[in-house]
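This report refers to the structure that appears directly beneath it.
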Amino acid sequence: MVVGGARLAGEVRVTGAKNSVLKLMAASLLAEGTTTLTAVPDILDVAIMSEVLRRLGCTVERGEGTVTITVPAVLGHEADYDLVRRMRASIAVLGPLVARCGEARVALPGGDAIGSRGLDFHIAGLTKLGATVETVRGNLHVTASRLVGTHVWLDFPSVGATENLLMAGVLAQGTTTVDNAAREPEIVDLCEFLLQMGAQIEGIGTSTLVVEGVERLAPVPTHDTVTDRIVAGTYATAAVMTQGDVLVRGGQARHLEIALDKLVQAGATIDLEEGGFRVRMDRRPKAVDVVTLPYPGFPTDLQPMVLAMNAVAEGTAMVTENVFEARWMFVNELTRLGAEVRTDGHHAVVRGRQRLSGAPVTAHDIRAGAALVLAGLVADGTTEVHEVHHVDRGYQDFLPSLVALGADVRRETVPDVPF
Ligand code: UD1
């Protein structure tokens with residue numbers, strides 16, 4: 001329940017990135033022994049990945065902002081549908097399991113309702129590395145007695161496929177080159193973690209990754225997860241929308257260059273501070289055109305937030321979505337709040353209004369859920385965001401953080417209706 005009208009002011013702290021820590025947890029499977037990750041967010045997806053690892057035979061312990069994983073000498077190789085359907089990122093265990101066990105059986109994932117999200121690049125890449133991939137009763141069954149390094153070109157710089165191929169390549173025989181690789185900061189974090197394990201990787205942060213396979217890897221005593229640029233960008237956009245003044249502690253501006261530049265174009269002042277950045281806004285935002293692209297382009301995961309900002313901006317903006325085709329489901333919800341948005345193919349034209357008006361809406365994925373809460377902050381009256389549990393998958397303490405910044409937001413449990 002979001003009561004609109006508050007101006008956000010104060011400080012918010014950003015933890016480690018969901019999209020990094022889940023892959024680091026999967027990568028820990030590559031070595032027997034104990035690995036500790038720090039700056040781990042307390043979110044549902046980390047709990048789900050912990051359970052995936054436990055079922056593979058690992059011991060997983062959560063501490064304050066940490067996760068400690070002990071990987072046994074002999075691992076299981078199956079990830080079941082009941083967990084994988086709850087979180088698509090479970091597919092990240094595919095590469096490490098094939099590399100370590102020569103076999104993986106992973107259910108075909110579900111995940112966010114934001115598009116088809118195929119696995120063809122993962123499958124084509126692993127096949128090129130010498131694996132046999134079959135689909136058996138809803139599971140991907142991948143086998144390889146030993147993966148052999150090769151040259152893989154990705155049709156699109158897929159984050160998940162780049163990660164799986166990296167994690168397969170580090171224990172393959174010979175050299176694996178991944179061309180048109182994704183370059184997200186979370187991939188750089190994974191590469192740095194793999195280096196700590198003893199992997200040999202060149203071209204980190206570029207679109208050509210060259211991996212020299214090694215015989216074995218070692219567990220990592222401690223690795224600090226990169227901070228969550230999407231969470232940081234969410235609070236930054238909230239500050240702009242509410243004409244507020246927010247210090248985003250832990251936010252790394254260098255990972256958000258285009259996104260923060262868009263906020264500056266909208267009229268915000270952004271100052272780099274020790275260990276974070278401060279976002280100030282003293283007027284109604286100006287509409288800004290945005291085109292989502294793989295990193296370093298504007299992140300698709302911040303598209304719903306910037307679309308919500310444009311819905312209350314001065315002027316008209318064109319938002320183009322190039323990464324996930326079904327992200328417009330969110331637009332239908334935003335129009336329930338009075339937003340003027342028209343979509344056509346990859347494009348959405350948003351005509352800004354002075355204010356939105358509170359109404360019941362439904363979150364279909366993590367980012368849409370967060371963006372609907374932001375929209376509620378600038379809507380008259382109360383906005384009820386249903387199925388807000390999606391937000392728990394990616395944002396630690398989202399509501400308490402907004403409340404600490406001055407927002408009037410609370411959570412209510414809706415009783416089950418018998419029809
Ligand atoms: C990851 C992020 C997600 C982010 C996305 C793009 C995690 C857990 N999730 O998702 O938050 O929005 O990157 O930055 O890290 N595709 C194919 N075939 C494939 C693989 C991908 O067609 O084999 C398509 C997808 O349908 C999508 C596009 O490529 O349209 C991008 O997908 P990808 O980069 O792989 O995203 P994820 O790794 O799923």
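The values are calculated or read from the model by the stated rules, or taken from the named source; none is laboratory data. Note that this is a predicted model, so its numbers are computed, not measured. Using ideal geometry, Cβ is built from the backbone for each residue, glycine included, and neighbour counts are taken over all protein chains shown.
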Which residue, of Leu405, Leu377, is over 23 Å from Thr335 (Cβ atoms), over 19 Å from the mean Cα position of the chain (by Cα) and at pLDDT 95 or above? Leu405
Would you confirm whether or not the stretch 87-99 contains a residue that is within 30 Å of His151 (Cβ to Cβ), more than 13 Å from the ligand (Cβ to nearest atom) and in contact with a His (Cβ under 9 Å, 6 or more places away or on another chain)? yes
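Out of Thr382, Thr413, which single residue is more than 30 Å from Val21 (Cβ to Cβ) and β-branched (Val, Ile, Thr)?
Being more than 30 Å from Val21 (Cβ to Cβ) and β-branched (Val, Ile, Thr) holds for just one of Thr382, Thr413, which is Thr382.
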Pairs under 6 Å by beta carbon, first residue farther than 20 Å from Leu30 by Cβ in the stretch 138-159, partner of a type in the set (S, T, N, Q) and within 16 Å of the ligand (Cβ to nearest atom), six or more apart or different chains? Trp153/Asn180; Leu154/Asn180; Pro157/Asn180
In the stretch 117-155, anything farther than 18 Å from Gly213 by Cα, in contact with a helix residue (DSSP H, G or I) (Cβ under 7 Å, 6 or more places away or on another chain) and not aliphatic (A, V, I, L, M) is listed as Arg117, Phe121, His122, Gly138, Asp155
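Could you tell me whether Gly213 is touching a residue at least 12 places away in the same chain (Cβ under 8 Å) and in the same structural domain as Ala371 (by TED's automatic domain parsing)?
Working: touching a residue at least 12 places away in the same chain (Cβ under 8 Å): yes; in the same structural domain as Ala371 (by TED's automatic domain parsing): no.
So Gly213 does not fit the description; no.
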Please state which one of Val52, Val71, Val84 is under 25 Å from Leu147 (Cβ atoms) and either away from the ligand (no atom under 16 Å from the Cβ) or surrounded by fewer than 17 Cβ atoms within 10 Å (Cβ to Cβ) (or both). Val71
Which numbered condition Thr237 misses (of (1) more than 30 Å from Asp271 (Cβ to Cβ); (2) part of a helix (DSSP H, G or I); (3) hydroxyl-bearing (Ser, Thr, Tyr)): (1)
Residue selected from the stretch 15-40 under the condition within 16 Å of the ligand (Cβ to nearest atom) and in a loop (DSSP other than H, G, I, E, B), by the criterion farthest from Arg283 (Cα to Cα): Val40
Conditions: (1) buried (at least 17 other Cβ atoms within 10 Å of the Cβ); (2) in the same structural domain as Gly95 (by TED's automatic domain parsing). Gly203 meets all but one. Number of the miss? (1)
In the stretch 181-220, what residues are in a helix (DSSP H, G or I), hydrophobic (A, V, I, L, M, F, W, C) and more than 16 Å from Pro157 (Cβ to Cβ)? Phe193, Leu194, Leu195, Met197
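For residues in the stretch 287-302 being touching a residue at least 40 places away in the same chain (Cβ under 8 Å) and more than 12 Å from Met318 (Cβ to Cβ), which is surrounded by the fewest Cβ atoms within 10 Å (Cβ to Cβ)?
Taking the candidates together, the pick is Pro296.
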State whether the residues of the stretch 35-46 include one that is in contact with a Leu (Cβ under 6 Å, 6 or more places away or on another chain) and among the β-branched types (Val, Ile, Thr). no
Taking the condition of being under 26 Å from Ala39 (Cβ atoms) and more than 25 Å from the chain's Cα centre (by Cα), how many residues in the stretch 246-270 meet it? 0
When the stretch 117-168 is checked residue by residue, the ones that are away from the ligand (no atom under 16 Å from the Cβ) and outside any loop (DSSP other than H, G, I, E, B) are Thr132, Glu134, Val136, Asn139, His141, Thr143, Val148, His151
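Residue by residue, here is whether (1) buried (at least 17 other Cβ atoms within 10 Å of the Cβ); (2) hydrophobic (A, V, I, L, M, F, W, C); (3) within 12 Å of Arg280 (Cα to Cα) holds:
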site	(1), (2), (3)
Leu209	yes, yes, no
Thr234	yes, no, no
Met241	yes, yes, yes
Gln265	no, no, no
Ala268	yes, yes, yes
Could you tell me which numbered condition Arg284 fails, if it satisfies all but one of (1) in contact (Cβ under 8 Å) with a residue 40 or more places away in the chain; (2) under 24 Å from Gln396 (Cα atoms); (3) surrounded by 15 or more Cβ atoms within 10 Å (Cβ to Cβ)? (2)
So if I check each of Leu171, Leu108, Leu190, which one is more than 14 Å from the ligand (Cβ to nearest atom) and touching a residue at least 24 places away in the same chain (Cβ under 8 Å)? Leu171
In the stretch 253-263, how many are surrounded by fewer than 20 Cβ atoms within 10 Å (Cβ to Cβ) and either in a loop (DSSP other than H, G, I, E, B) or touching a residue at least 60 places away in the same chain (Cβ under 8 Å) (or both)? 0
